[in-house]
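Each remark here refers to the structure printed beneath this line.
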Amino acid sequence: MRVNFTVNGRPQEADDVWEGESLLYVLRERLGLPGSKNACEQGECGSCTVRLDGVPVCSCLVAAGQVEGRDVVTVEGLAEHARQRSCGDAHGTALDEARGRQAQGTDSQTGEGTELAPIQQAFIDAGAVQCGFCTPGLLVAADEMLERNPDPTDADIREALSGNLCRCTGYEKIMDAVRLAAARQQEAV
Amino acid sequence: MDFLRPASWEEALAAKAEHPTAVPIAGGTDVMVEINFDHRRPEYLLDLNRVGDLYEWEVGEDSVRLGASVPYTTIMERLRAELPGLALASHTVASPQIRNRGGVGGNLGTASPAGDAHPALLAAGAEVEVESVRGSRRIPIDAFYTGVKRNALAADELIKYVHIDKADGPQQFSKVGTRNAMVIAVCAFGLALHPSTRTVRTGIGSAAPTPVRAKAAEEFLNAALEEGGFWDNGKIITPSVAKQFAELCSGACNPIDDVRGTASYRRHAVGVMARRTLTWAWESYRGTAARSEGAA
């Protein structure tokens, strides 16, 4: 079947989609957006977290056909999503641009030279990325929490990220990163 | 596989009548896992995301009419006053991502004994409104669970609403698991005080082939509370009464040993949760009773 939906602000069309396919599969294998990670395929780990009509969901638990006509934001569109939130205009992220998104820039260690969402920069600055596999899901979930709750307590952060597993960091640096992003967001206001 | 995408409740019923083997999908929490792991290849998937009725709720005089797909997040945020037990249970469902999409209709459709909503529904008192092209009927929650992952639905029926009695007293929910988030209950317990009828109702999860009430325990406690004049005098519950109640709740279990826990642990833990939830709920009842007396 064919599925039409909006990804990172731009209309997209996926063809030859199998009826039992997940949104995650469509994003990774049909649209070439591998940022959302495929790990548990049962909603347990949060690595595949995307925004569906603004709400964080596990894309592995969304049937492709269910997104027809709806709006999806992936980690590839996070920088643009965050930019729009702060300036209020919207032009979306094209598929080619999104596919080319790599946190390399001029320096992949510091994020310099790459346009990043504040939460992405905070993860780099706080050293919250180790193997990096859980990172995209954490970024999408954390960014959504900061949008809703600009001044989160530690308990709020833990709750918002409770559906995202990380096996490397022990979460402390991730907590630091979200606190850092929250503090910077508040300074910017 | 065919993907059926009804745009309205009527279309959904017609599709289910035409294809009784169609598997309804809303939040995808259970269905997508089965498909991802190739445990299930339904001939038809019946997407309910477009059926607006299922996402609505209405607070009536005595009960709340809850659409089958109202997400757990919404129940937690918007219905805590009316449905405190279900709101507490909803908060223990998986993770924010899952709570954003999953609803009570999925718990009822899957009818797993471990579904988090069941103990709260059993304790509060609820009816499941199901419909087919033949008409609609309301199934009392006590009669809804018919076996392990089996429910009283006919092949052409879909779950539309759950009518849950509004809380007339304190309600509690407790769940045992290895961590707070992303846990399938080892066992769970729901308890609701109903001061207007001077009764207590319970619900046990994950400790029998289906979610069950501890009816003997309820009867014992109702009689003990009545006899001691507890509803009026607001005294603390005698420890021996609480102990007996807990033992009867353990006795209502019919658990199995599995990867999450042993049968004997489940029986024990249900007793502990029964005593604790009773104490919490009763303390809060005494608090309100004392306040309303003071005001009078």
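Read the figures in this text as sums done on the coordinates, not as results from a lab. Model, not experiment: these values are computed from the prediction. Counting neighbours? That spans all protein chains shown, and the Cβs are built from the backbone with ideal geometry, glycine included.
With the convex hull drawn over the C-alpha atoms of region B:113-162, the volume per residue is 71 Å³.
Among A:LEU165, A:PRO136, A:GLN120, whose Cα sits farthest toward the positive end of the charge dipole of region A:103-188 (+1 at Cβ of Lys/Arg, -1 at Cβ of Asp/Glu, about the Cα centre)? Farthest along the dipole direction, towards plus: A:LEU165.
Only Cα sites of the protein assembly as shown enter the Debye sum here, all with the same form factor; the resulting log10 I(q)/I(0) across q = 0.06, 0.07, 0.09, 0.13 1/Å is -0.30, -0.41, -0.66, -1.21, listed in q order. Region B:242-291 and region A:19-94 have Cα centres separated by 42 Å. Treating each Cα of region A:3-75 as one equal point scatterer and applying the Debye formula with no solvent, the log10 of I(q)/I(0) at q = 0.14, 0.22 Å⁻¹ comes out as -0.34, -0.89. Counting Cβ atoms of other protein chains within 10 Å of each residue's Cβ and taking the mean over peptide B:47-55 gives 2. For region A:103-188, the square roots a ≥ b ≥ c of the C-alpha gyration tensor eigenvalues yield an a/c of 1.5 or more together with a/b not exceeding b/c, which makes the shape oblate.
Expressed in units of 2.2 N^0.38 Å, where N is the residue count, the Cα radius of gyration of chain B is 1.02.
Angle, helix A:78-87 long axis vs. longest principal axis of chain A, Cα atoms, 0 to 90°, nearest 10? In chain A, helix A:78-87 runs at an angle near 70 degrees to the longest axis.
Between B:ALA114, B:ALA242, B:ALA143, the GNM of chain B built on Cα springs shorter than 10 angstrom shows B:ALA143 fluctuating the most. Residue by residue, region B:235-242 carries 3J(HN,Hα) couplings of 5, 5, 5, 3, x, 5, 5, 4 Hz when phi is fed to the Karplus relation 6.51 cos²θ - 1.76 cosθ + 1.60 (θ = phi - 60°); x denotes Gly or Pro.
Between helix A:172-188 and chain A there is an angle of about 80 degrees, using the helix long axis and the longest principal axis of the Cα atoms.
Angle of helix B:263-295 to the longest C-alpha principal axis of chain B, folded into 0 to 90 degrees and rounded to 10: 70°. Divide the volume of the convex hull around the Cα atoms of region B:178-295 by the residue count and you get 110 Å³ per residue. Please report the relative contact order for region B:139-245, taking Cα pairs under 8 Å with a sequence separation of at least 6, and give it as a percent rounded to a whole number. Value for region B:139-245: 18 percent.
Separation of the alpha carbons by more than 32 angstrom is noted, of A:LYS173/B:LYS149; B:LYS149/B:LYS235; B:LYS166/B:LYS215, for A:LYS173/B:LYS149; B:LYS149/B:LYS235. Between the alpha-carbon centres of region B:33-101 and region A:165-189 there is a gap of 30 Å.
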